[in-house]
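Undergrad: My questions all concern the structure below.
Only the coordinates and a few stated rules stand behind these numbers; no lab work does. Because the structure is a prediction, the values reported are computed rather than measured.
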Amino acid sequence: MPEPEVVNPHNFDVQEIIYNLNGFSVAWGRWEGSSYGLAMRWNGEDEDQGYPKTFGHPVWFILPRDLSFPILQVINEHNEKYRKPPQQAE
């Protein structure tokens, strides 16, 4: 199973992994050196390369812009819900 940070094909430059849970990841990156957007993938298990993949190499599925904002909202809500509170100084 490839870690999402290492899935970086030549046409999608991963800037940040914004969601990574239970083998499913969402990344913010730059498509073909021009437009930024979201991409996602299932990372697979064990030696499986996950989905999608091309010629046996893991790649990202680029999301349409219309879907990016709602998905970002849900990811932000998820991250807020599970964010650990800051440690209090004693």
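Undergrad: Quick one: which residues, 5+ away or cross-chain, put their amide H under 5 Å from the amide H of ILE18? H built at 1.01 Å from N.
TA: Amide H neighbours of ILE18: VAL26, ALA27, TRP28.
Undergrad: Just to confirm the number: angle between the C-alpha axis of helix 65-82 and the first principal axis of the chain, 0 to 90 degrees, nearest 10?
TA: Approximately 40 degrees, to the nearest ten.
Undergrad: Once fully extended, how much extra length lies between TYR36 and LYS53, figured as 0.36 nm per residue of separation less the alpha-carbon to alpha-carbon distance?
TA: Values: separation 17, 0.36 × 17 = 6.12 nm, distance 2.07 nm.
Residue separation times 0.36 nm, minus the Cα-Cα distance, leaves 4.0 nm.
Undergrad: If only Cα atoms are counted, what is the Rg of the chain, and what is its Dmax, in Å?
TA: Final numbers for Rg and Dmax: 14.7, 55 Å.
Undergrad: What residues qualify as long-range amide H neighbours of LYS53, i.e. H under 5 Å apart, gap of 5 or more or another chain, H built at 1.01 Å from N?
TA: Correct list: VAL59.
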